[in-house]
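These notes concern the structure reproduced below.
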Amino acid sequence: QVELVESGGGLVESGGSRTLYCRPSGTIRSISTMAWYRQAPGKQRELVAEVLNGGERNYGDSVKGRFAIFRDAAKSGVTLLMNRLKPEDTAVYYCYIRGSPGAYWGQGTQVTVSS
């Protein structure tokens with residue numbers, strides 16, 4: 001059973017930067033989508049950023065111009081670079097990879113932005 005291992009969460013001041021990393025514990029074949037989602041208290045889980053197999057990147061409206069998503073060189077993991085963080089970016093961030101035989105979620109990593 002492949003697991004997604006996330007790291008990089010923590011406390012950061014408003015205006016600061018943080019980088020989140022996600023690496024699978026094993027091999028996931030035929031990856032079509034790699035993404036980060038987040039869920040703040042009392043809110044639904046929302047898409048932060050995704051990168052598709054062809055290289056297309058999509059971002060949530062609230063993070064456009066501030067966040068960037070990258071696949072690693074071996075295409076086995078995904079990184080989220082977060083700049084100019086705001087208190088409203090505070091949430092649990094989840095890594096998501098869809099491939100074969102299915103879709104995988106990370107356990108979540110907390111990012112807290114202090115005002």
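I'd like to check something: does region 55-66 contain any residue that is out of contact with any Pro (no Cβ under 6 Å at 6 or more places or on another chain), basic (Lys, Arg), farther than 17 Å from Arg23 by Cα and open to solvent by 60 Å² or more (accessible area, probe 1.4 Å)? Let's see the steps before the verdict.
Looking only at region 55-66, we keep the residues that are out of contact with any Pro (no Cβ under 6 Å at 6 or more places or on another chain), and these are 55-66.
Keeping just the survivors that are basic (Lys, Arg) gives 57, 64, 66.
Keeping just the survivors that are farther than 17 Å from Arg23 by Cα gives 57, 64, 66.
Of the ones still in play, those that are also open to solvent by 60 Å² or more (accessible area, probe 1.4 Å) are 57, 64.
Checked region 55-66: at least one residue is out of contact with any Pro (no Cβ under 6 Å at 6 or more places or on another chain), basic (Lys, Arg), farther than 17 Å from Arg23 by Cα and open to solvent by 60 Å² or more (accessible area, probe 1.4 Å).
Would you confirm whether or not region 36-47 contains a residue that is open to solvent by 40 Å² or more (accessible area, probe 1.4 Å) and under 13 Å from Ile97 (Cα atoms)? Spell out how you get there, then give the answer.
If we filter region 36-47 for residues that are open to solvent by 40 Å² or more (accessible area, probe 1.4 Å), which is where we start, we get 37, 39, 41-47.
After this cut, where a residue has to be under 13 Å from Ile97 (Cα atoms) as well, the list is 37, 47.
Yes: region 36-47 contains one or more residues that are open to solvent by 40 Å² or more (accessible area, probe 1.4 Å) and under 13 Å from Ile97 (Cα atoms).
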- Message: Restricting to region 58-75, name every residue that is within 19 Å of Ile28 (Cβ to Cβ) and within 14 Å of the chain's Cα centre (by Cα).
- Response: Ile69, Phe70, Arg71, Asp72
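Can you tell me how many residues in region 56-115 are part of a loop (DSSP other than H, G, I, E, B) and modelled with pLDDT under 95?
Step one: filter region 56-115 for residues part of a loop (DSSP other than H, G, I, E, B), giving 56, 60-66, 72-77, 83-86, 90, 101-102, 107-108, 115.
This time we only want the ones that are modelled with pLDDT under 95, so: 72-77, 101-102, 115.
Residues in region 56-115 being part of a loop (DSSP other than H, G, I, E, B) and modelled with pLDDT under 95: 9 in total.
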- Task: Consider only pairs whose beta carbons are under 8 Å apart and that are at least six residues apart or on different chains; among these, list those whose first residue lies in region 42-57 and is farther than 13 Å from Tyr93 by Cβ and whose second residue is among the acidic types (Asp, Glu) and surrounded by 14 or more Cβ atoms within 10 Å (Cβ to Cβ).
- Result: Arg57/Glu50
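The values are calculated or read from the model by the stated rules, or taken from the named source; none is laboratory data. Model, not experiment: these values are computed from the prediction. Quick reminder, even Gly has a Cβ in these numbers, built from the backbone with ideal geometry, and neighbours come from all protein chains shown. Accessible surface areas use protein heavy atoms only, side chains included; no ligands, DNA or RNA. Shrake-Rupley method; radii C 1.70, N 1.55, O 1.52, S 1.80 Å.
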